[in-house]
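Notes follow once the structure below has been shown.
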Amino acid sequence: MNNPVTVEVTRGHIVESRHRGMAVVVDGDGGIVFSAGEIESAVFPRSACKAMQALPLVESGAADAYGFGNKELALACASHSGEPEHVTTAARMLASAGRDETTLECGAHWSFNQPVLIDQVRSLDHPTNLHNNCSGKHSGFVCTCCHTGEDPTGYSTYDHPIQQAIRGIMESLTGATLTHDNCGTDGCSIPTYAVPLKGLAHGFAKLGTGQGLEPIRALAARRLFDACMAEPFYVAGTKRFCTRLMEVAPGKIFAKTGAEGVFCAVLPEKGLSFAVKCEDGATRAAEVMIAALLARHFETDSQEQRALAAMANPTMKNWNGIEVGEVRVTDVMRG
C-alpha cells in the first residue's frame with residue numbers, strides 16, 4: 001500500500017507517532033465525494049459490517065416472529081462491551097427461539113469495560129459466550145436459523161446456509177466476489193471477507209439510501225439503522241466511540257467500528273456513507289478519521305459539528321490529568 005499519513009500523535013510540540021490510512025465517502029450511486037489513499041485496496045471489514053450480517057434476521061421474518069424491538073436489533077449489529085444489559089438481552093433473544101448460550105459458537109471473553117470486568121472477576125468463575133462482544137450477532141444467527149427451520153449447529157462455518165446467505169448479501173452490496181480465496185476467520189469464528197474499501201462504503205450507502213435494493217432489503221436496512229441510532233448503547237456500550245458518535249446527533253448518524261483500524265458510518269438523511277482503514281490497525285486513528293469526515297458534513301459551528309471536531313482532535317492526558325499532547329488528523333483528511 002502507498003497510503004498517506006492521515007493521523008498524527010503529538011507529545012508537547014513534537015509529532016511522536018504517525019498513522020497511514022485510507023478513507024472514502026460515497027453517495028448512494030457509488031459516486032466518490034471524498035477519498036484518500038488506495039481505496040480500491042481490499043480490507044477485512046471485521047465487525048464494521050455487522051449490520052449487513054444482521055439483514056437475514058429481519059428479512060426472514062425472525063425478528064418479528066420473536067417480537068424483537070430496537071434493543072435486540074441493535075445488539076444483533078453490535079460489538080458490545082459485555083455489560084449486564086448486553087448479556088441479558090442476548091440471553092433473551094436466544095430464549096425467544098428456545099435456545100440458550102450453549103448454542104453460541106462465538107467463544108467467551110471478559111467485558112471490555114473495566115469496572116464491569118472487575119465486577120465479573122469478583123462474581124464469576126469465568127465469562128460465558130453471552131459476554132462475548134459478538135453474542136448479539138450470533139444470537140441473531142441462531143434465531144434466524146430456528147425461525148427458518150435450519151439446524152443452527154455449525155452456523156459459524158463457511159458452508160452453513162446462514163453464512164451462505166450472508167456471503168450473497170455481502171457480494172450484492174459491495175460488488176466483490178467472495179470465495180475461499182479472500183476469506184479469513186473472524187475473532188468470533190465466522191467467515192470474514194476482504195473487500196475493496198470503496199465497495200464496503202458503497203454497500204453501506206445502498207443500505208442507508210435504499211438505492212439499488214429490493215424493497216424488502218431496503219426496509220430491513222432502515223429498520224436496523226433506526227434501531228442502532230435509537231439504542232446506541234446496545235451497539236457498543238458505556239463511553240464507547242460508536243455509542244458516542246451516535247449520541248452526538250441522535251437519529252442522524254449510524255456508526256460501527258471494526259477490528260484492526262476499520263470504521264464505517266452512514267448519514268442516512270444526507271445519503272452518504274463513510275469507510276476508513278488505518279493501515280497499522282490502530283483504533284485510535286480510525287476513530288479520529290471517521291469523526292473528522294463526519295464533522296465536515298454538519299453545519300459549520302453547529303453543536304454537532306463542534307462535538308465531532310473535538311472527537312477528531314482529542315487531547316491526551318497522563319495519569320495526573322496533565323495534557324501531554326493530542327491525536328489529530330492531518331490536512332489529508334481535511335480535504
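Does Ser35 fit the bill of being open to solvent by 20 Å² or more (accessible area, probe 1.4 Å) and either at pLDDT 95 or above or under 19 Å from the mean Cα position of the chain (by Cα) (or both)? Spelling it out, Ser35 is indeed open to solvent by 20 Å² or more (accessible area, probe 1.4 Å) and either at pLDDT 95 or above or under 19 Å from the mean Cα position of the chain (by Cα) (or both).
Filtering the stretch 234-253 to residues that are touching a Lys or Arg at 6+ places or on another chain (Cβ under 9 Å) and closer than 14 Å to Ser79 by Cβ leaves Tyr234, Val235, Ala236, Cys242, Met246.
Please state which of the following conditions Asn129 fails to meet, knowing it meets all the rest: (1) at pLDDT 95 or above; (2) open to solvent by 80 Å² or more (accessible area, probe 1.4 Å). All conditions are met except number (2). Ser17 versus (1) closer than 28 Å to His109 by Cβ; (2) open to solvent by 10 Å² or more (accessible area, probe 1.4 Å); (3) in contact (Cβ under 8 Å) with a residue 40 or more places away in the chain; (4) not in a helix (DSSP H, G or I): which is the lone unmet condition? Checking Ser17 against (1) closer than 28 Å to His109 by Cβ; (2) open to solvent by 10 Å² or more (accessible area, probe 1.4 Å); (3) in contact (Cβ under 8 Å) with a residue 40 or more places away in the chain; (4) not in a helix (DSSP H, G or I), the one that fails is (3).
The residues on offer are Ala265, Ala220, Ala255, and the sole one that is assigned to a helix (DSSP H, G or I), open to solvent by less than 10 Å² (accessible area, probe 1.4 Å) and not aromatic (Phe, Trp, Tyr) is Ala220. One residue alone among Glu304, Glu299 is among the acidic types (Asp, Glu), buried (at least 17 other Cβ atoms within 10 Å of the Cβ) and free of Cβ contacts under 8 Å to residues at least 60 places away in the same chain, and that residue is Glu304.
Looking for something open to solvent by 10 Å² or more (accessible area, probe 1.4 Å) and touching a strand residue (DSSP E or B) at 6+ places or on another chain (Cβ under 6 Å) - is there at least one such residue anywhere in the stretch 240-252? Within the stretch 240-252, none of the residues are open to solvent by 10 Å² or more (accessible area, probe 1.4 Å) and touching a strand residue (DSSP E or B) at 6+ places or on another chain (Cβ under 6 Å). If you go through the stretch 201-239 and keep only what is touching a strand residue (DSSP E or B) at 6+ places or on another chain (Cβ under 9 Å) and of a type in the set (Val, Ile, Thr), you end up with Thr209, Val235.
Considered as a group, the residues in the stretch 165-203 that are of a type in the set (Val, Ile, Thr), touching a Pro at 6+ places or on another chain (Cβ under 9 Å) and in contact (Cβ under 8 Å) with a residue 24 or more places away in the chain include one that is surrounded by the most Cβ atoms within 10 Å (Cβ to Cβ), and that residue is Val195.
Okay, residues lined up against (1) in contact with a strand residue (DSSP E or B) (Cβ under 8 Å, 6 or more places away or on another chain); (2) over 27 Å from Glu38 (Cα atoms):
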residue: Lys270; (1), (2): no, no
residue: Arg284; (1), (2): yes, no
residue: Ile290; (1), (2): yes, no
residue: Ala295; (1), (2): no, no
residue: Ala307; (1), (2): no, yes
residue: Asn313; (1), (2): yes, no
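Among the residues of the stretch 273-280, not a single one is part of a helix (DSSP H, G or I) and either open to solvent by less than 40 Å² (accessible area, probe 1.4 Å) or in contact with a Phe, Trp or Tyr (Cβ under 6 Å, 6 or more places away or on another chain) (or both). Can you say whether Pro45 is under 19 Å from Leu207 (Cβ atoms), touching a residue at least 12 places away in the same chain (Cβ under 8 Å) and open to solvent by 10 Å² or more (accessible area, probe 1.4 Å), as far as the supplied structure shows? When the stated conditions are applied, Pro45 does not pass them.
The values are calculated or read from the model by the stated rules, or taken from the named source; none is laboratory data. Because the structure is a prediction, the values reported are computed rather than measured. Here the Cβ is made from the backbone with ideal geometry for all residues, glycine too, and neighbour counts use every protein chain on show. To get the accessible areas, we keep the full protein, side chains included, count just its heavy atoms, and leave off ligands, DNA and RNA. Shrake-Rupley method; radii C 1.70, N 1.55, O 1.52, S 1.80 Å.
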